[in-house]
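For reference, the structure discussed in these notes is given below.
Please treat every number below as a calculation from the coordinates, not as lab data. Worth saying up front: this structure is predicted, and the values here are computed from it rather than measured. Every residue, glycine among them, receives a Cβ derived from its backbone with ideal geometry; neighbour counts consider all protein chains shown.
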Amino acid sequence: MMKRLSARFCEKFRLPLKDALFLGFCAVFAVLTRVVLRLHLHISGHAMIIKVFFLMLARGSTPCLYGASFTALLAGTAAMFLGFAKAGPLIIVKYLVTGIVIDAGAFLLPMLFRSYVLCALVAGAASSTKFFTAYGINALVGMDPVVNLQRSLLEAAGAVVFGVAGGLMVPMVVRRLKAYDVIK
Amino acid sequence: MAGDRFSRLHTTLARGSHHDNRPDKGIPLPVGVKMLLALTLSCLAFLARTETFLGMVTAANLLVFVLLRPQGVSWWRQGRLFVFQTTVIVVLYILRFGSLAGVRDGLLISWQLFLAFWPTMVFAKTTSQAKIVRAMNRIMPSRMSFVMATCLKFAPHLLEEVRDIYEGQVLRGARILPKDLARPWNWPDLVHCVVVPAVVQGMALAGNIAMAARVRDFGLHSRRTCWPGD
């Protein structure tokens, strides 16, 4: 039943196979780059630089309206089943929420990938979802609300800083790809 | 140093699709059962509110660990993750309650969060990528699972190309060595010299795979008819 519904959804919003594969590569690299770079900064949220960069790149380099969400779904699934997830099955939600914010930003702001300021704003908004996901996960395990609020704010603060840094790299890449006529 | 990590990851990914024939050290459970077990244990960790319940979940995890006997678990990495997470939570609990009374609660919460992640790690260490993707085909649309399988299969190839680009740019004198990247003003160099060519390479590879799939009548059957290793 669930599979039939999702198949019908895919049929309705069919992606060209080439774009789907490129988004898949972005998803796999969003997960794997963390392992290659191993940024042991011990600052919460440093992985957001890679996550936001690849999700925004996926949306910016394909015409697909739900490119970031699709990439996020693939990345979350890959992270969970390849054993890179710190939040268990909820890692998919963490990726997906970020992807949805980026897609919404790209839908509402058509000039998004040409402007550094807009990219920074959307990247900041996408990274700030870390607060809600972290708060939700900690609330699920029954953490004290005040401690939960403090810990989620600590995590989100780092995530926003690194997310904005990741977002600021996107216009540079998209501009170069357009100059080489790789994307329209 | 970065080259070593590239090589290690490349080897791990390349082996992932080939070690299907390697005999399991533990009980050879079907992938679907293992997946369900991992998700159930992970969800139970979130639901555990009492010490007894958490103890039972820990015992179940230990039992699964002994039965499946995962290979290559990095105890140092997992231990460090747990210690770092516990330190932050316990310190916040002490600040909140102003005494050592919060230490116990902080430790329990941290252990719960650790147990939420542990089962999927055990699952990943005891199941090959090909089997995981095959199992995902049961819950995902076939097109999506094809994309996932193909991207995981070609990731080592693309990684190899990225490494070639990286080494070529280092030889050209680009400031992208790990010590250069410690300075954020060198990051645009990394974007221009490595990221942009890697994205172009990724798009070209995606185009080639899509064309190869099309000429082989990909999409003619709603279910996948061929799997790597069949």
> Short version: ³J(HN,Hα) in whole Hz for each residue of the range B:78-83, in order, from phi by Karplus 6.51 cos²θ - 1.76 cosθ + 1.60 (θ = phi - 60°), x for Gly and Pro, what are they?
Replying inline: 5, x, 5, 4, 5, 5
>> Charges on Cβ only, +1 for Lys and Arg, -1 for Asp and Glu, centred on the Cα centroid of the range A:126-184; of A:Y180, A:A139, A:G166, which one is farthest towards the dipole's positive end?
In response: A:Y180
> Averaged across the residues of A:163-171, what count of C-beta atoms belonging to other chains lies within 10 Å of each residue's C-beta?
Replying inline: 1
> How well do other chains shield peptide B:81-89, expressed as the mean number of their Cβ atoms within 10 Å of each residue Cβ?
Replying inline: 2
> What ranking, highest mean first, results for peptides B:160-171, A:59-70 when packing means the other Cβ atoms within 10 Å averaged over each residue?
Replying inline: A:59-70, B:160-171
> What order do you get for A:139-145, A:76-82, A:153-159 when each peptide is scored by the mean count of other beta carbon atoms within 10 Å, highest first?
Replying inline: A:76-82, A:153-159, A:139-145
> Taking Cα centroids, how far is the range A:96-141 from the range B:115-183 in Å?
Replying inline: 24 Å
> Separation between the B:F97 and B:F53 pseudo-spin-labels, each 7 Å from Cα along Cα→Cβ, expressed in nm?
Replying inline: 1.8 nm
>> Can you compute the modelled spin-label distance between B:L177 and B:E160, with each label point 7 Å from Cα toward Cβ, in nm?
In response: 2.7 nm
> Can you sort A:T129, A:T33 so the residue with the fewest Cβ neighbours within 10 Å comes first?
Replying inline: A:T33, A:T129
